[in-house]
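Structure record follows, encoded as structure tokens.
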Amino acid sequence: MCSCKCFSKIILIVVNLIFLFAGGLMLSFGIIAKVRPELIFKILNVIPAFDKVSPAFDLASIVNASAVFMIVLGVVVFLIGFLGLFGACCENVCLLTTYLIVLIVVLCAEVALIIFAAVSPETFKNVIQDIMKKSLAKFNQDITFNEAMTLPTNDVSLGWTVLQLETKCCGANNYSDYKGFSVTIYGRTYNDTVPLSCCTTKQDVDLTKTYRTPSDVFVNYEACLRKEPAFINSQNCYESIYKLIKKSTAIAIGIAAGIVAAQSILITLTICICRAVKNGGD
């Protein structure tokens, strides 16, 4: 019959094998995207829906920009998987202790964040908005129109552009977050304005479609770029994200509870192995 240590080893080996594989996959993707991006496109072209992706996405630049992020994330996930897998396989207390510390630190940070958000929602809101506002400093590209609508290529700008388009929001607080922003439409540059993605749209934007002119997308883009509030999304992006989460409260709670429970189980199993190894038991 499988003992506590035996059962714990099996679970840790399986889980961390998945971590190791996922980390290695992300790391490989990042390195290939940095060195040989054309190979990524050959792989992606196998996916049937890939050819339906809108030309608004400059995929070559997006893949290249995400390479560093994928490498860093891949290294972190790979190292965690390595610590857990080889710590369990070799019954190495040093590796398992390091793995345990990492899990406990991450778990404590998650629980502290949840408590902070629940106890002081207004303070939490201010902190998140400050973080969002700081990230706007890296938002230096937005939608452009040359032959058609093109989305930005760097990850921060792309994230903000899609967020503002999809949730009809503008900035961390409002459109005044943007100082000295420039927009280019068919060679004409609008200075000291707001991003086009902040402008009110005629309907929900389908990013799988091709839009030839700003008028195909926005109610009155020229008035928006003149900073006329009636044609700028009035909702800030913190509120839009909050409303999305609130609509799916049960799902959000379920995901958070599942992550915390999974980490707690891994911590318990790791402690079980460490105690068994130190006591010389099975």
Take the range 122-165 and flag every residue that is closer than 18 Å to F181 by Cα, open to solvent by 70 Å² or more (accessible area, probe 1.4 Å) and within 15 Å of the chain's Cα centre (by Cα).
D155
Matching residues in the range 205-215 (within 22 Å of the chain's Cα centre (by Cα) and surrounded by 14 or more Cβ atoms within 10 Å (Cβ to Cβ)) number 2
Those residues that are free of Cβ contacts under 8 Å to residues at least 40 places away in the same chain, in a helix (DSSP H, G or I) and among the hydroxyl-bearing types (S, T, Y), I need them from the range 243-267; list them, please.
T249
Which numbered condition L83 misses (of (1) at pLDDT 90 or above; (2) exposed (fewer than 13 other Cβ atoms within 10 Å of the Cβ); (3) not polar (S, T, N, Q))
(2)
Considering every residue within the range 109-126, establish whether at least one is touching a Cys at 6+ places or on another chain (Cβ under 9 Å) and among the small types (G, A, S).
no
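In the range 181-204, which residue that is β-branched (V, I, T) and farther than 14 Å from A148 by Cα is surrounded by the fewest Cβ atoms within 10 Å (Cβ to Cβ)? So that I can check it myself, show each step before the final result.
So in the range 181-204, the residues β-branched (V, I, T) come out as 183-185, 189, 193-194, 200-201.
Remaining after also requiring farther than 14 Å from A148 by Cα: 183, 189, 193-194, 200-201.
On the way: V183: 24, T189: 9, T193: 20, V194: 26, T200: 18, T201: 18.
Across the range 181-204, the extreme among qualifying residues is T189.
Can you go through I267, I232, I271 and tell me which one is open to solvent by 50 Å² or more (accessible area, probe 1.4 Å), hydrophobic (A, V, I, L, M, F, W, C) and modelled with pLDDT of 80 or more? Give the derivation first.
Working: I267 fails: open to solvent by 50 Å² or more (accessible area, probe 1.4 Å); I232 fails: open to solvent by 50 Å² or more (accessible area, probe 1.4 Å).
Only one candidate passes the filter, namely I271.
For the range 222-229, check the following and say yes or no: at least one residue is modelled with pLDDT of 85 or more, under 18 Å from P152 (Cβ atoms) and surrounded by 15 or more Cβ atoms within 10 Å (Cβ to Cβ).
Quick first cut of the range 222-229, residues modelled with pLDDT of 85 or more only: 222-229.
Imposing the further condition that a residue be under 18 Å from P152 (Cβ atoms) reduces the set to 224-225.
Right, trim to surrounded by 15 or more Cβ atoms within 10 Å (Cβ to Cβ) and you get 224-225.
Scanning the range 222-229 turns up at least one residue that is modelled with pLDDT of 85 or more, under 18 Å from P152 (Cβ atoms) and surrounded by 15 or more Cβ atoms within 10 Å (Cβ to Cβ).
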Criterion first (of a type in the set (D, E), at pLDDT below 85, under 26 Å from the mean Cα position of the chain (by Cα) and open to solvent by less than 70 Å² (accessible area, probe 1.4 Å)) does D177 satisfy it?
no
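The values are calculated or read from the model by the stated rules, or taken from the named source; none is laboratory data. Here the structure is a predicted model, which is why all the values come from computation and not from measurement. Backbone-built Cβ (ideal geometry, glycine too); neighbour counts: all protein chains shown. Side chains are part of the model used for accessible areas, which takes the heavy atoms of the whole protein and leaves out ligands, DNA and RNA. Shrake-Rupley method; radii C 1.70, N 1.55, O 1.52, S 1.80 Å.
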